[in-house]
1. What is the stretch 84-149's relative contact order, in percent, from Cα pairs under 8 angstrom and six or more apart in sequence?
2. Could you list 200, 20, 213 so that the one with the fewest beta carbons within 10 Å of its beta carbon is first and the one with the most is last?
3. Over the stretch 173-224, what is the relative contact order in percent, taking alpha-carbon pairs closer than 8 angstrom and at least six residues apart?
4. Considering all alpha-carbon pairs of the stretch 1-133, what whole percent are spaced by more than 19 angstrom?
5. Apply 1/(1 + (r/R0)^6) to the Cβ-Cβ distance of residue 132 and residue 212, taking R0 = 22 Å, and write down the FRET efficiency to the nearest 0.05.
6. Ratio of Rg to Rh for the chain, alpha carbon only, Kirkwood?
7. In Å³ and rounded to a whole number, note down the convex hull volume per residue for the Cα atoms of the stretch 84-149.
8. On average over all directions, what projected area in square nanometres does the stretch 173-224 have, based on the convex hull of its Cα atoms?
């Protein structure tokens, strides 16, 4: 099979290709980008992958992990702490949303009940914003999840085989003023796509800012309210031992669904209490790796462990 140009290869493929060469395993690509494929040992046994989905997790559990409300309900029944929330659908969604928000207080977070990478996640400050968002998102999603906002550190905890691989602290995309350039110019230079994202405009409006504003030198401006790396956020690997409360919550969440490999998203409050937001049965590290050489090296170390677990049952 012809070699795909490096710029087209996925991170998983690039790392898995080197791994298989070291372990006498055959790697077969099922598309031009290495997004899907299989690993085969000399005896002909096969293990498959698609994107960051490996033959590690049960299919049913992986599907439930993608259902935020269902997985959170399971976590709560297992004694884990989750945000207060409500599932919305149909014509009465806006009324139910307003009633919930009046009880827990604004701001609130509205998101599709299924999906990843922070797509269509919105922080809403007023009843008017909430009604508009409900109408807009229900045009594309059957179920929405509305949750109270929790203040604290936004963490992605990677769990493999009952152990914490690492903890990545996530922060929203920002720009820092220089006293010269307008917000519009800085955002265009950072990520022009944000200018078309209504969430960016809403985030700026909540700070009483417009695109024409020229921030003072050193002034840090948040561009989105969510910190997903796929939305332009930044990830920072936390050094040192993982606090036991965080480690325990992440491992228990993965065990709740019987997931061998998972990314557990949580907010850790100022008092150290972790609040579980969701779980991902196929956490990706490509955007973290793209931040720079040191982060790519960390991602490569993590994937080495994942590949070990993925192939251990049939490696010679």
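1. 49
2. 213, 20, 200
3. Taking the mean separation of contacting Cα pairs over the length of the stretch 173-224, I get 61 percent.
4. 65
5. On the way: r = 24 Å, r/R0 = 1.07.
Calculated value: 0.40.
6. Values: Rg = 21.0 Å, Rh = 21.2 Å.
That ratio is 0.99, to two decimals.
7. Convex hull volume per residue, Cα atoms: 70 Å³.
8. Projected over every direction and averaged, the Cα hull of the stretch 173-224 covers 2.9 nm².
Every number here is computed from the coordinates shown, using simple stated rules; none is lab data. None of these values were measured; they are calculated from a predicted model. Counting neighbours? That spans all protein chains shown, and the Cβs are built from the backbone with ideal geometry, glycine included.
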